[in-house]
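Each reported figure results from applying straightforward, stated rules to the coordinates on display, with no laboratory input. This structure is a prediction, so every number in the text was calculated from the model and none was measured. Because the Cβ atoms are built from the backbone with ideal geometry, glycine has one as well, and the counts that use them run over all protein chains shown.
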Amino acid sequence: MSANSYSNTSKPGTICYTAHGNLYLNITNRCTARCVFCVRDLSDGVYGYNLRLLYEPSVEEIKQALEKNNFLKYREIVFTGFGEPTVRLDDMLSLIRWLKGHGAYVRLDTNGHAQLLYPNRDVVKELKDAGLDAISVSLNAESEDIYNRLCQPRYKNAYQSMLDFTKKAVNLGMRTRMTVVGFTEIDIEKCKRIADNMGADFHVR
């Protein structure tokens, strides 16, 4: 996806937006899944912010946006937004190190496909070594079949890779949470058991 294909809106998308006492980072609109429940298919953003990027901001532009928003006053800095942040892994690692150097608490919201994007790298360890404090992984379904139908991942074996990604984060001692969207097509109790067996926290969003 080219940078200019993100949106035909005349206004640049928001890099930083606030909610729940946190500051959220929207660094890409690219994603490795096409979830049927994704908010970006229903609106241009969340909490009144336009998240459709006209281009991917540089690391320096993201730092400037963070400083403009006085980022240290927020409880958490969260990589999330209208795309999968790990698509820009090296930029994200650089930003995590910069944020941690300023004393920020940093979380990643992810679909857990990063190891498929970078098969020759140990992504979770790189995230931990950069200083990432917490990971929230979108579980979204209790089985691979349901996951593939609802999330339509780009890669084969995405469900198992997401589970492996989560388990690695838990094993490395990172604060790890698995999440699902609360609607009728999934069995929330089965999803919670998966998270429990992983040793991860569980959240219905």
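Numbers below:
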quantity	calculated
Selected from G101, G81, G13 as most flexible by GNM, with the chain as the system and alpha-carbon contacts under 10 Å	G101
Of T166, T14, T28, the one that fluctuates the most in a GNM where the chain has Cα springs shorter than 10 Å	T14
Gained length - R121 relative to E67, 0.36 nm times residue gap less alpha-carbon distance	16.4 nm
Proxy reagent accessibility, fewest Cβ within 10 Å first, across F183, F79, F202	F183, F202, F79
FRET efficiency, 1/(1 + (r/R0)^6) with R0 35 Å, evaluated for R97 and Q152 via beta carbons	0.60
Length gained when the stretch L42-K190 is fully extended (0.36 nm per residue, less Cα-Cα span)	50.5 nm
Greater than 21 Å apart at Cα, pairs in K73/K168; K68/K128; K167/K192; K168/K192	K73/K168; K68/K128
Theoretical ellipticity at 222 nm over the chain - DSSP helices of four or more residues, -39500 (n - 2.57) apiece, nearest 500	-9500 deg cm²/dmol
Loop-located GluC sites (Glu not before Pro) in region 109-205, at most 14 other Cβ atoms within 10 Å (DSSP)	E185
Positive-end extreme of charge dipole, region 64-151 - chosen from I96, P119, L108 (charges on Cβ)	I96
Lys/Arg +1, Asp/Glu -1 at C-beta; the chain dipole; positive extreme among Y159, T32, S58	S58
Euclidean distance between Cα centres, region 47-106 to region 178-205, Å	27
Distant-in-sequence amide H partners of F202 (H built 1.01 Å from N, under 5 Å)	M178
Residue order, fewest to most beta carbons within 10 Å, for Y24, Y155	Y155, Y24
About the Cα centre, charge dipole magnitude for the chain (Lys/Arg +1, Asp/Glu -1 at Cβ), debye	220
Percent antiparallel among DSSP beta bridges (both partners in the chain, rounded to 5)	25
Likely footprinting exposure, Y74, Y17, fewest C-beta neighbours within 10 Å first	Y74, Y17
